[in-house]
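All remarks here apply to the structure that follows.
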Amino acid sequence: MNIFISADMEGMAGIVGWHQAEHTERDYGMARLWMTQQVNAAIEGAINAGATSILVKDAHETATNILLDKLHPAAELISGWGPLGSMVEGVDESFDAVMLLGYHARAMTIGGTLAHTWSGNVLDLRLNGEPIGETAWAAAFAGHFNVPIALITGDDKLKEQVDHELPPGFHYVITKTGMAHKAARLRPLADVCEEIRDTAAASLADLEGLPVFKPHLPATVSIRFRHWEGLDICAAVPGVQRLDVATFQFQAADMIEAQKYFATLHRLAPRS
Ligand SMILES: [Zn+2]
């Protein structure tokens with residue numbers, strides 16, 4: 001059984017602020033250790049359930065957060081961003097399930113711990129007219145390869161959103177209760193790790209029951225940016241329609257093409 005794990009940081013247990021989640025900041029060293037520990041808990045659960053191969057994708061900020069010397073020795077690690085800029089880049093048809101750990105609610109979510117969508121520059125991302133966050137977006141990328149979602153971890157606000165955005169059947173561990181953008185009621189780390197270990201194992205007991213997220217294709221995607229002043233360049237991308245000063249829309253044949261458009265527009269859009 002081949003398992004793919006994608007790890008973000010903002011939704012990990014213990015994380016409430018950018019003083020932890022940015023590599024230049026005060027508490028980053030501790031935060032990346034906590035992140036690695038929670039990834040290890042999922043790896044242990046997967047092994048307990050019979051996983052024979054585990055590939056971890058670091059998917060936060062520089063994508064070089066997970067401590068290789070502390071990572072469970074059964075896993076290999078994708079460190080850094082691939083050309084598509086996907087949080088699950090590296091997944092393919094050979095995997096039996098994906099786990100999305102430490103994810104967070106989308107931009108403009110009240111009480112969502114460090115809620116955002118990819119960066120501070122995206123206020124709204126929509127797939128076929130429905131708001132979508134990074135979690136379901138990653139699930140759709142995995143779904144392109146027919147790989148189901150086994151486990152998601154993050155705060156309670158993300159759980160509400162993915163319960164709506166994704167088909168049912170995945171497992172979820174609530175790492176904390178979001179109170180404000182930079183505040184949460186934190187569970188003890190050991191308790192969360194134990195629950196991740198147990199739930200990861202349980203989630204792989206019935207692979208057939210796990211949901212594969214396959215949005216309607218061709219997909220219509222729109223992105224609304226925060227900073228509108230320099231967005232004329234995004235209107236120059238072939239196939240992209242400007243709906244208003246800060247909102248762009250495109251059609252994608254599949255979710256790989258959607259990711260290419262998203263990454264391109266996001267890289268072009270000035271951040272201030
Ligand atoms: Zn992140």
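Read-outs throughout are calculated quantities, based only on the coordinates presented, and are distinct from any laboratory measurement. No experiment lies behind these values; they were computed from the predicted model shown. No Cβ is skipped: glycine too gets one built from the backbone with ideal geometry, and neighbour counts run over all protein chains shown.
With runs of 4+ DSSP H residues as the only contributors, calculate the mean residue ellipticity of the chain at 222 nm using -39,500 (n - 2.57) per run, divided by the residue total and rounded to the nearest 500.
Taken over the chain, the calculation gives -8500 deg cm²/dmol.
Compute a Gaussian network model of the chain, connecting alpha carbons closer than 10 Å, and tell me which residue from Ile149, Ile233, Ile132 fluctuates the most.
Judging by the Gaussian network model, the answer is Ile233.
So for the chain, taking the charge dipole from beta-carbon charges (+1 Lys/Arg, -1 Asp/Glu), which of Ala219, Thr109, Ala202 sits furthest toward the positive end?
Among Ala219, Thr109, Ala202, the one farthest towards the positive end of the dipole of the chain is Thr109.
Can you tell me the dipole magnitude for segment 203-246 around its Cα centre, using point charges on the Cβ only (Lys, Arg +1; Asp, Glu -1), in Debye to the nearest 20?
Once rounded to the nearest 20, the dipole reads 120 debye.
Taking the Cα centre as origin and putting +1 on Lys and Arg beta-carbons and -1 on Asp and Glu beta-carbons, what dipole magnitude results for segment 125-192, to the nearest 20 debye?
Once rounded to the nearest 20, the dipole reads 240 debye.
How charged is the neighbourhood of Glu10? Take every other residue with its Cβ under 15 Å from the Cβ of Glu10, and add Lys/Arg as +1 and Asp/Glu as -1.
-3
Please report the net charge: other residues with Cβ closer than 15 Å to the Cβ of Gly169, K and R +1, D and E -1.
Result for the local shell: -3.
Compute the distance in nm between two label points, each set 7 Å from the Cα along the Cα-to-Cβ direction, one at Arg185 and one at Thr24.
Going from the Arg185 label point to the Thr24 one covers 3.5 nm.
Over all alpha-carbon pairs in segment 147-191, figure out the percentage whose distance exceeds 17 Å.
Of all Cα-Cα pairs in segment 147-191, 36 percent lie more than 17 Å apart.
Using +1 on the beta carbon of Lys and Arg, -1 on that of Asp and Glu, and nothing else charged, what's the dipole of the chain about the Cα centre, debye to 20?
680 debye
Could you tell me which of the pairs Lys57/Lys157; Lys57/Lys159; Lys176/Lys260 are separated by over 30 angstrom between their Cα atoms in the structure shown?
The pairs that break the limit, which is 30 Å between Cα atoms, are Lys176/Lys260.
Compute the projected area of the convex hull of the Cα atoms of the chain, averaged over all viewing directions, and report it in nm² to one decimal place.
12.9 nm²
Take every Cα pair under 8 Å in the chain that's 6+ residues apart, average their separations, divide by the length, and report that relative contact order as a whole percent.
Result for the chain is 21 percent.
Looking at segment 59-164, which trypsin sites (Lys or Arg not before Pro) are DSSP coil and have at most 16 other C-beta atoms within 10 Å of their C-beta?
Hits after loop and neighbour filter: Lys70.
Apply 1/(1 + (r/R0)^6) to the Cβ-Cβ distance of Glu76 and Ile110, taking R0 = 35 Å, and write down the FRET efficiency to the nearest 0.05.
Taking R0 as 35 Å, the efficiency between Glu76 and Ile110 is 0.35.
Can you list residues whose amide H is under 5 Å from Ala183's amide H, if they're 5+ apart or on another chain and H is modeled 1.01 Å from N?
Here Leu114 satisfy the definition.
What number comes out for the charge environment of Cys234, summing +1 per Lys or Arg and -1 per Asp or Glu over other residues with Cβ under 11 Å away?
Combined, the nearby Lys, Arg, Asp and Glu give +1.
Cα centroid distance between segment 65-85 and segment 114-150, in Å?
Each part reduced to its Cα centre gives a spacing of 21 Å.
Using alpha carbons only, how many degrees (0 to 90, rounded to 10) separate the axis of helix 134-144 from the longest principal axis of the chain?
It works out to around 90 degrees.
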